[in-house]
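To start, the structure itself, in structure tokens.
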Amino acid sequence: MLTKLYHSPVGKKVVTGITGIALTLFVLVHMTGNLAFFADETGEAYNRYSHFLTHQLGLLFYAIEIVLLLIFLLHLSIGVNIWLGKRRARPRPYDTYRTAGGPSRQTVSSRSMVLTGVIVLAFTVWHLVSFKYGTYYDSPPYDGVGVIRDIALLVRERFATPLYGIGYPAVMLLLAVHLRHGVWSAFQSLGAVRPAATPAVYGAGTLVGIAIGIGFLVLPLAIFFQFV
């Protein structure tokens, strides 16, 4: 039954919607955690937050990571599968794109979902290599936890360089473009949007995309331009 659900057009939309919402919630939580960097000038709050996630949550943290990885891969694979199906159905692309009005919502965001998704995937690998598996610095001793990883120092070091200070925000803008259409599309795929509410939900998706994009832009740009 699960196999039939995965391969059916309706099933693909449902799974894409559920996984898309789950990933959006994760990105929102991750963005909020990043803002802990601004809690103090020493980076202690940020380091304690990171230490709590990676050490004090124990096996739960690794279980969450595995689940997120599976959700990410499932979301991407179905998205690419849907895109390939559309390409097979229409090998020659349209000469021009124009929205049909109403529920079609033909925009740059909707037409570039696969492209922005693949870029975000590549960025995620780069992000993990750079930070999760990046240089390990020891922090000063903190009350209650002692010496822990000084991830704040690594973040400051990375974002001070043009590659990260400019490249990271550029990808975050693409993420905002992806979410602009993705949030609305997810709720539509789940049948949670009534026709009368479509403009409001689409507007909310746009706001969510912009908010998350700005939230991720603040930290690298603030460090790169030496505001913090």
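Bear in mind that the values in this text are calculations on the coordinates, not laboratory data. These numbers come from a predicted model, not from an experiment. When we count neighbours, we look across all protein chains shown, and the Cβ atoms used for this are built from the backbone with ideal geometry, even at glycine.
Net charge near residue 20: determine it from the other residues with C-beta under 14 Å of the C-beta of residue 20, scoring Lys and Arg +1 and Asp and Glu -1. Before the final figure, lay out each step's value.
On the way: positive: 12, 13, 180; negative: none.
Surrounding charge for residue 20 is +3.
Length gain on complete extension for the stretch residue 197 to residue 225, per 0.36 nm per residue less the alpha carbon to alpha carbon distance? Could the numbers behind the result be given before it?
Numbers: separation 28, 0.36 × 28 = 10.08 nm, distance 4.14 nm.
Difference between extended and current length: 5.9 nm.
Rg to Rh for the chain: what is it, with Cα atoms only and Rh by Kirkwood?
Ratio value, two decimals: 1.02.
Can you give the percent of C-alpha pairs in region 128-208 whose distance is more than 22 Å?
Percentage above 22 Å: 53.
Just rank 111, 88, fewest to most, by other beta-carbon atoms within 10 angstrom.
Arranged by neighbour count, lowest to highest, 111, 88 become 88, 111.
Pairs of Cα atoms under 8 Å, at least six residues apart: use those to get the relative contact order of the chain, whole percent.
Dividing the mean separation by the residue count of the chain yields 28 percent.
Note the count of lysine pairs whose C-alpha atoms are less than 23 angstrom apart in the chain, limited to pairs 8 or more residues apart or on different chains. Each step should come with its number before you reach the end.
Details: 4/12; 4/13; 4/86; 12/86; 13/86.
Close lysine pairs found across the chain: 5.
Which value at 222 nm does the chain reach when only helices count, each DSSP H run of 4 or more adding -39,500 (n - 2.57), with the total divided by all residues and rounded to the nearest 500 deg cm²/dmol?
-22500 deg cm²/dmol
If R₀ is 22 angstrom, what is the calculated FRET efficiency for the pair residue 83 and residue 207, using the beta carbon separation as r and rounding to 0.05?
Efficiency, rounded to the nearest 0.05: 0.25.
Just to verify a number: FRET efficiency for residue 4 and residue 136, C-beta to C-beta distance, R0 = 41 Å, to 0.05? Walk me through the intermediate numbers first.
Details: r = 47 Å, r/R0 = 1.14.
Result of the calculation: an efficiency of 0.30.
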